[in-house]
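Engineer: Below is the structure I would like to discuss, written out as structure tokens.
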Amino acid sequence: MTPDQVAVVQSTLRAARCDLDLLAARFFERLSTRNPALRSLFPDDTAEQEGKVAAVLDEIGYAVHDHERLAAECVALGRRHESYGARAEHYPVFGEVLAESLAATVGDAWTVRTADAWDAAFELVTELMQSGQRSAEPLAGPVPSGRGQGLRTGRSGHR
Ligand code: HEM
């Protein structure tokens, strides 16, 4: 990410800061319409998840200028996502829904420059999370043809 993109991402989050909870609530609302199968991986009541997603966005806002800190956070997050059933093809859907939710939350402050900076940030977070997923312990037992090809509905390993 360029220094300008880092600054833009941080200023979007500062603008959205008081509304991070609203942003996370919007995220799950939009995900339900956009991709019900992905939404169904989360519990019906997303209040707890919303709090965690808001906290992680806040952390990304602090860490985006500090690659080591961002990498530590995202690699660990990605490692946990291996057991949540997250697959490479799901990340772009999350990125789009997140961008739409951010845009709805910050209103006029969302511009082409902001959207580009967030694309770059999401790409970086995705890369780091996926490297964490690759380093995660394989799930116990045989996983015949489903691995990497679809959604698993079982949830395990949630901290
Ligand atoms: C930038 C990408 C993403 C971010 C920042 C993110 C962030 C989070 C956070 C903070 C949590 C709370 C639990 C924890 O901290 O371990 C969570 C849970 C979860 N995420 Fe993600 N996530 C991302 C992408 C995805 C993708 C692509 C999937 C696709 C399936 C996914 C599926 C889940 C599920 C199913 C849970 C809930 C697990 C449970 O409580 O049962 N996430 N995510």
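Engineer: How many residues does the stretch 94-135 contain that are surrounded by 20 or more Cβ atoms within 10 Å (Cβ to Cβ), within 14 Å of the ligand (Cβ to nearest atom), touching a residue at least 60 places away in the same chain (Cβ under 8 Å) and of a type in the set (Gly, Ala, Ser)?
Structural biologist: Count: 2.
Engineer: A further question follows. Checking the structure you have, find out if any residue of the stretch 91-108 is over 13 Å from the mean Cα position of the chain (by Cα) and over 22 Å from PHE28 (Cβ atoms).
Structural biologist: yes
Engineer: Among the residues of the stretch 77-90, which ones are buried (at least 16 other Cβ atoms within 10 Å of the Cβ) and either closer than 11 Å to LEU128 by Cα or hydrophobic (A, V, I, L, M, F, W, C) (or both)? Full working, then the answer.
Structural biologist: Taking the stretch 77-90 and keeping what is buried (at least 16 other Cβ atoms within 10 Å of the Cβ), we get 77-87, 90.
Listed by number, the residues that qualify are LEU77, GLY78, ARG79, ALA86.
Engineer: Let me ask something else. Can you tell me which of (1) surrounded by 14 or more Cβ atoms within 10 Å (Cβ to Cβ); (2) within 12 Å of the chain's Cα centre (by Cα); (3) more than 14 Å from MET129 (Cβ to Cβ) is the one ALA55 doesn't meet?
Structural biologist: Of everything listed in (1) surrounded by 14 or more Cβ atoms within 10 Å (Cβ to Cβ); (2) within 12 Å of the chain's Cα centre (by Cα); (3) more than 14 Å from MET129 (Cβ to Cβ), ALA55 misses just condition (1).
Engineer: Tell me whether the stretch 60-71 contains one or more residues that are within 22 Å of GLU100 (Cβ to Cβ), within 12 Å of the ligand (Cβ to nearest atom) and at pLDDT 90 or above.
Structural biologist: Scanning the stretch 60-71 turns up no residue that is within 22 Å of GLU100 (Cβ to Cβ), within 12 Å of the ligand (Cβ to nearest atom) and at pLDDT 90 or above.
Engineer: Can you tell me which residue is surrounded by the fewest Cβ atoms within 10 Å (Cβ to Cβ) among those in the stretch 4-36 that are within 21 Å of LEU77 (Cα to Cα) and of a type in the set (A, V, I, L, M)?
Structural biologist: VAL6
Engineer: For the stretch 97-111, give me the residue count where each residue is assigned to a helix (DSSP H, G or I) and under 10 Å from THR12 (Cβ atoms).
Structural biologist: Of the residues in that region, 5 qualify.
The values are calculated or read from the model by the stated rules, or taken from the named source; none is laboratory data. This structure is a prediction, so every number in the text was calculated from the model and none was measured. Here the Cβ is made from the backbone with ideal geometry for all residues, glycine too, and neighbour counts use every protein chain on show.
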